[in-house]
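K.L.:
Okay, handing you the structure first.
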Amino acid sequence: MTDDDAAASALAPEQERRIREAFEEVPFARFLGIELGELKRGQATLHLDIRDELRRNNGFTHGGVVASLADTAAAFAILTLLEPDQTTTTIDLTIHYLRPLKSGRASAQARVLRAGRRVQVISVEVLDESKALAATALTSFIKLT
């Protein structure tokens, strides 16, 4: 990535502050323990420490937790492209589980593939602590306002 590419993908400090404040107001993300990582224009990385409360009885992280991590990452990737008064919601989510998350810190890297007037399409990769691909997701959001 060139310096020009990095500058074009960087968020204005006020926009990043607004998005980080919005993240703090998502009770479900707090409940799961999701943390907001890096933000760039059209991209967001979120993290989750795997703990016992998030596991199924076989010791693997529950699929709903992985899907929630991916969905939340997608939502915040979109927020980097929206005006402060605009809102969206998920209209579909397709996830493929490739390997179980057992322990450590998982990361979800979301990237907006298409930002239309009403519908946005986002790709998400969920990685385990060793950066191995654990799940992929493709999701769509619709602008409500």
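The values are calculated or read from the model by the stated rules, or taken from the named source; none is laboratory data. Here the structure is a predicted model, which means the values were calculated and not measured. Ideal geometry is used to build each Cβ from the backbone, glycine not excepted, and the neighbour counts take in all protein chains shown.
Matching residues to (1) in contact with a Pro (Cβ under 9 Å, 6 or more places away or on another chain); (2) among the hydrophobic types (A, V, I, L, M, F, W, C); (3) more than 24 Å from A22 (Cα to Cα):
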site: T94; (1), (2), (3): no, no, yes
site: G104; (1), (2), (3): no, no, yes
site: R117; (1), (2), (3): no, no, no
site: E125; (1), (2), (3): no, no, no
site: E129; (1), (2), (3): no, no, yes
site: F141; (1), (2), (3): no, yes, no
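K.L.:
Check segment 73-87 and report whether any residue there is among the aromatic types (F, W, Y), part of a helix (DSSP H, G or I) and within 30 Å of R117 (Cβ to Cβ).
P.N.:
yes
K.L.:
Suppose the filter is of a type in the set (K, R) and free of Cβ contacts under 8 Å to residues at least 60 places away in the same chain; does R18 pass it?
P.N.:
no
K.L.:
Separate question: How many residues does segment 20-68 hold that are part of a strand (DSSP E or B), basic (K, R) and either under 13 Å from the mean Cα position of the chain (by Cα) or surrounded by fewer than 15 Cβ atoms within 10 Å (Cβ to Cβ) (or both)?
P.N.:
Within segment 20-68, residues that are part of a strand (DSSP E or B), basic (K, R) and either under 13 Å from the mean Cα position of the chain (by Cα) or surrounded by fewer than 15 Cβ atoms within 10 Å (Cβ to Cβ) (or both) number 1.
Yes/no matrix, rows are residues, columns are (1) modelled with pLDDT under 95; (2) under 18 Å from D49 (Cβ atoms); (3) under 14 Å from the mean Cα position of the chain (by Cα):
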site: L93; (1), (2), (3): no, no, yes
site: H96; (1), (2), (3): no, no, no
site: A106; (1), (2), (3): no, yes, yes
site: Q109; (1), (2), (3): no, yes, yes
site: V112; (1), (2), (3): no, no, yes
site: V126; (1), (2), (3): no, yes, yes
site: E129; (1), (2), (3): no, yes, no
site: A134; (1), (2), (3): no, yes, no
site: L138; (1), (2), (3): no, no, yes
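K.L.:
Ok, one more. Taking the criterion of being free of Cβ contacts under 8 Å to residues at least 40 places away in the same chain, farther than 21 Å from I50 by Cβ and not hydrophobic (A, V, I, L, M, F, W, C), would at least one residue in segment 76-90 satisfy it?
P.N.:
Checking segment 76-90: at least one residue is free of Cβ contacts under 8 Å to residues at least 40 places away in the same chain, farther than 21 Å from I50 by Cβ and not hydrophobic (A, V, I, L, M, F, W, C).
K.L.:
Which of (1) without any contact (Cβ under 8 Å) to a residue 60 or more places away in the chain; (2) touching a helix residue (DSSP H, G or I) at 6+ places or on another chain (Cβ under 7 Å); (3) of a type in the set (G, A, S) is the odd one out, the single condition G33 does not satisfy?
P.N.:
So G33 meets the others, but not (2).
K.L.:
V121 is checked against (1) surrounded by 15 or more Cβ atoms within 10 Å (Cβ to Cβ); (2) within 23 Å of E24 (Cα to Cα) and fails just one. What number does that condition carry?
P.N.:
It is condition (2) that V121 fails.
K.L.:
Applying the selection to segment 69-98, what residues are of a type in the set (S, T, N, Q) and surrounded by fewer than 18 Cβ atoms within 10 Å (Cβ to Cβ)?
P.N.:
Selection gives Q86, T87, T89, T90, T94.
K.L.:
For segment 42-63, state whether one or more residues are without any contact (Cβ under 8 Å) to a residue 60 or more places away in the chain, among the β-branched types (V, I, T), under 16 Å from T136 (Cβ atoms) and in contact with a strand residue (DSSP E or B) (Cβ under 8 Å, 6 or more places away or on another chain).
P.N.:
Yes, because at least one residue in segment 42-63 is without any contact (Cβ under 8 Å) to a residue 60 or more places away in the chain, among the β-branched types (V, I, T), under 16 Å from T136 (Cβ atoms) and in contact with a strand residue (DSSP E or B) (Cβ under 8 Å, 6 or more places away or on another chain).
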